[in-house]
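Data block below; observations after.
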Amino acid sequence: MSAVINPTNVVFGKGYLFGTIQGGVSDSVPFGELQSFELNMSHSLEELMGPSQLTAIGVGIKEVKVTGKASHAKIRTRQLLMAMGGTAAYSSSTTLTLGVNDEPVKFNLHFKVPSDAGDMEIILYGCVAPSMDIKVGLNQFVLPELNFNVYGDGTNILKVILPGDQTTS
């Protein structure tokens, strides 16, 4: 557990990540033992240049890009289905099959930091996973890494929820 030095800042002592296949039950895909979570947000600008000055006379946002990755310590079939698509079947073991025409489905991600570490939440809408890396090494923990792009659900791209009134600081 991390010590909170300044209570107005969020400290990442531990966190939880859950996925929801769009149209499914909220937070139904848990990512166990979350090791790290990263979110990158950027936008590119379109500039309108004038003939008589060196700086732009107009600037607009051309593209918003939100990407991220999370490393976790449990592999579940639901995670793989969410990230890659395909079908799953169970007899004496679970088999995930990814066909040549199977595509991943859009999903939402919900990152939570519990109350003893700051009460921060991030909800990401309309995610697609371009990759999920599972690295296996001799005498090493297996820590899969989910990489994702966020495209939104037609209304929202993301929502960040912070503790207390953060609008005046």
Figure the gain on full extension for ARG78 and GLU46 (residue separation times 0.36 nm, minus the Cα-Cα span) and round it to one decimal in nm. 7.5 nm
Which order do THR97, THR77, THR167 fall in if you start with the one that has the fewest other Cβ atoms within 10 Å? THR167, THR97, THR77
Lys pairs in the chain with Cα under 17 Å (8 or more apart in sequence, or on separate chains) total 12
Normalised by the number of residues in the chain, what is the relative contact order in percent for Cα pairs under 8 Å and 6+ residues apart? 22 percent
Could you give the size of the charge dipole of the chain about its Cα centre, using +1 on the Cβ of each K and R and -1 on the Cβ of each D and E, expressed in debye and rounded to the nearest 20? 340 debye
Kirkwood Rh and Cα Rg combined as Rg/Rh, the chain: 1.07
Segment 28-73: GluC sites (Glu not before Pro) in DSSP loop, at most 16 other beta carbons within 10 Å: GLU33
Positive dipole terminus of the chain, leading residue within ILE57, VAL160, ASN139 (C-beta point charges): ASN139
Using a Gaussian network for the chain with springs between C-alpha atoms less than 10 Å apart, which of these wobbles most: ASN40, ASN108, ASN149? ASN40
For segment 72-87, Karplus-derived ³J(HN,Hα) couplings (6.51, -1.76, 1.60; θ = phi - 60°; whole Hz; x for glycine and proline) come out as 9, 10, 9, 10, 10, 4, 4, 5, 5, 4, 5, 7, 10, x, x, 9
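Since every read-out is calculated from the coordinates, none of them should be taken as a lab result. Quantities reported herein were computed from a predicted structural model and do not represent experimental measurements. Cβ atoms come from the backbone with ideal geometry, glycine included; neighbour counts cover every protein chain shown.
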